[in-house]
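K.L.:
First the structure, then my questions, so here it is.
The values are calculated or read from the model by the stated rules, or taken from the named source; none is laboratory data. The model shown is predicted, which means the values in this text are computed figures rather than measured ones. Note: ideal-geometry Cβ built from the backbone for every residue, glycine included; neighbour counts use all protein chains shown.
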Amino acid sequence: MTDDGLKGKVALVTGAGSGLGEATARAFARAGCAVACVDVNGHAVGCVSRELSSCGGESVALVCDVGDAEAVFGTVETVVEWYGRLDVAVNCAAIDHTLSVDELTVEQWDRVIAVNLRGPFLVAKAALPTMRRQRSGHIVNIASTAAVRAWSNCSAYHASKFGLLGFGRGLGVEGRADGIRVTTIIPGGMRTHFFDRFREQGIPLPDERTLQDPANVAEAILFAVRLPPESALQELVLTPLNEPSWP
């Protein structure tokens, strides 16, 4: 079943090769959108896109490092040339290096900021001209509860997600006059490959009961995009019921 409000629309999803990005691409495809699946991992994103197409959806896979300005602008241009429009851009791509400031290299800091904060800026900047011409569009940024609280050994990740929250607020003000909406989703922990590196680093894994299915977060993204065009959900916090309370 497709959603009449989204059927025929075009959604671009970064980080679509796995985790939340993959779940989001699937959700938009089920809603009847053509989905541009974007990821730095060509094999993974190709598999996701082919599966969406085999299930009757319209999808294309594009390999792109979201921290690379030339690559991002080229990718968005390709999507617009291919489909003739761009209605939704969802910035799911993210990385982290779970290290103390003493251990974190300058290169690692720069890479986290490049993917988690520069990437959404580049995608938005590349998408805005088309959305302005359409007088409509929706940019969804995926922050984290790391944007509203803090823990040790995640300084770069915190900086990127706090920054993304501020960027979304500013971008939302700029987009209003052209009918462009901006939503920042603030999810708690999810059952994805994000925590795989914890095993390698000897970091205790989070309790599975405190993590949520990324498909649930994908549905929250769809909810925000489905709102009537005269309304905008600026920020949405989505945490597992079993996650420990936080201020």
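K.L.:
Taking Pro129 as the residue in question, decide whether it is crowded, with 17+ Cβ neighbours inside 10 Å and farther than 21 Å from Leu227 by Cα.
P.N.:
Details: crowded, with 17+ Cβ neighbours inside 10 Å: no; farther than 21 Å from Leu227 by Cα: yes.
When the stated conditions are applied, Pro129 does not pass them.
K.L.:
Next question, about the same structure. Restricting attention to region 104-138, which residues are within 17 Å of Glu77 (Cβ to Cβ) and in contact with a strand residue (DSSP E or B) (Cβ under 8 Å, 6 or more places away or on another chain)?
P.N.:
Hits for region 104-138 are Gly119, Val123, Ala124, Ala127, Leu128, Thr130, Met131, Arg132, Gly137.
K.L.:
Does any residue of region 6-21 turn out to be buried (at least 24 other Cβ atoms within 10 Å of the Cβ), in contact (Cβ under 8 Å) with a residue 24 or more places away in the chain and polar (S, T, N, Q)?
P.N.:
Taking every residue of region 6-21 in turn, at least one turns out to be buried (at least 24 other Cβ atoms within 10 Å of the Cβ), in contact (Cβ under 8 Å) with a residue 24 or more places away in the chain and polar (S, T, N, Q).
K.L.:
Given the conditions (1) buried (at least 19 other Cβ atoms within 10 Å of the Cβ); (2) under 17 Å from Ser49 (Cβ atoms), which single one is not true for Val115?
P.N.:
(2)
K.L.:
Name the pairs: first residue in region 42-55 and under 12 Å from Ala25 (Cβ atoms), second residue loosely packed, with under 13 Cβ neighbours inside 10 Å and small (Gly, Ala, Ser), Cβ to Cβ under 9 Å, at least 6 apart or on different chains?
P.N.:
none
So that you can scan it fast, the table gives a plain yes or no per residue for (1) touching a strand residue (DSSP E or B) at 6+ places or on another chain (Cβ under 6 Å); (2) within 20 Å of Pro120 (Cβ to Cβ); (3) surrounded by fewer than 19 Cβ atoms within 10 Å (Cβ to Cβ):
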site	(1), (2), (3)
Ala25	yes, yes, no
Ala31	no, no, no
Val38	yes, yes, no
Gly42	yes, no, yes
Gly46	yes, no, yes
Ala69	no, yes, yes
Gly84	no, no, yes
Asp102	no, no, yes
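K.L.:
For Glu77, all conditions in the list (1) under 18 Å from the mean Cα position of the chain (by Cα); (2) free of Cβ contacts under 8 Å to residues at least 60 places away in the same chain hold save one; what is the number of the exception?
P.N.:
For Glu77, the failing item is (1).
K.L.:
Counting only residues that are touching a helix residue (DSSP H, G or I) at 6+ places or on another chain (Cβ under 9 Å) and under 10 Å from Pro187 (Cα atoms), which one in region 219-247 is modelled with the lowest pLDDT?
P.N.:
So the residue we want is Pro240.
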